[in-house]
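Written below as structure tokens is the structure these notes are about.
The values are calculated or read from the model by the stated rules, or taken from the named source; none is laboratory data. What you see is a predicted model; the values in this text were computed from it and never measured. Positions of Cβ are backbone-derived with ideal geometry, glycine not excepted, and every protein chain shown enters the neighbour counts. When the accessible area is computed, the model is the full protein with side chains, heavy atoms only, and any ligands, DNA or RNA have been set aside. Shrake-Rupley method; radii C 1.70, N 1.55, O 1.52, S 1.80 Å.
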Amino acid sequence: QVQLVEFGGGLVQAGGSLRLSCTASGRIDSINAMGWYRQAPGKQRELVADITKGGSTKYADSVKGRFTISRDNAQNTVYLQMTSLKPEDTAVYYCNAERIRVGVIWYSSFWGQGTQVTVSS
């Protein structure tokens, strides 16, 4: 029904940059919020950043000043520009969409398949 597809993960050196993208497909009428979560080995999944359809953003303290989230509402796409990457940023990054309306049906959330980001020291 609704599918999120992520691109942009990979292996980079510390201090490098990556740009992640995620596009939601389907007969989607609106998405209230889109964001990025990550899960490092042995740790719980955590919110990295999210953005509402109105443009309000929220960032984890650990990435403020280094990551930037943006969104193209017309394309149902969210981006995460990551700069000054650190080894502790290594994780699987998951795209998330919340409060999705398809016709008269509302869905709470959908998740992407995840993309690996590895930062070497």
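Taking every Cα-Cα distance in segment 55-121 and sorting them into 10 Å bins starting at zero, the pair-distance distribution P(r) comes out as 16, 45, 29, 9, 1 percent.
Solvent exposure of T52, expressed as accessible area, is near 50 Å², computed with a probe of 1.4 Å over the protein chains only. When a 1.4 Å probe is rolled over the protein heavy atoms, the share of accessible surface on the chain that falls to carbon and sulfur comes to 46 percent. The simple spin-label model puts a point 7 Å past each Cα toward its Cβ; for R27 and S120 those points are separated by 4.8 nm. Computed over segment 31-71, relative contact order equals 34 percent, with contacts defined as Cα pairs under 8 Å that lie 6+ residues apart. Taking the Cα centre of the chain as origin and assigning +1 to Lys and Arg Cβ atoms and -1 to Asp and Glu Cβ atoms, the resulting dipole is close to 120 debye. Only protein heavy atoms count here; under a 1.4 Å probe, R19 has an accessible surface of about 150 Å².
Spin-label pair R19-S109: with each label point 7 Å from Cα along the Cα-Cβ axis, the two points sit 2.7 nm from one another. Taking all protein chains into account, the per residue accessible area for segment 6-109 stands at 53 Å² (1.4 Å probe). Counting 0.36 nm for each residue step from V5 to A40 and taking away their Cα separation leaves a gain of 10.6 nm.
Under 18 Å Cα-Cα from K43, which aspartates and glutamates qualify once same-chain neighbours fewer than 8 residues away are excluded? Output for K43: D61, E88, D89.
Working from the alpha-carbon coordinates of segment 24-95, get Rg over Rh, Rh being the Kirkwood radius.
0.99
With the gyration tensor restricted to C-alpha atoms of the chain, the semi-axes of the equivalent ellipsoid amount to 26, 14, 12 Å, longest first.
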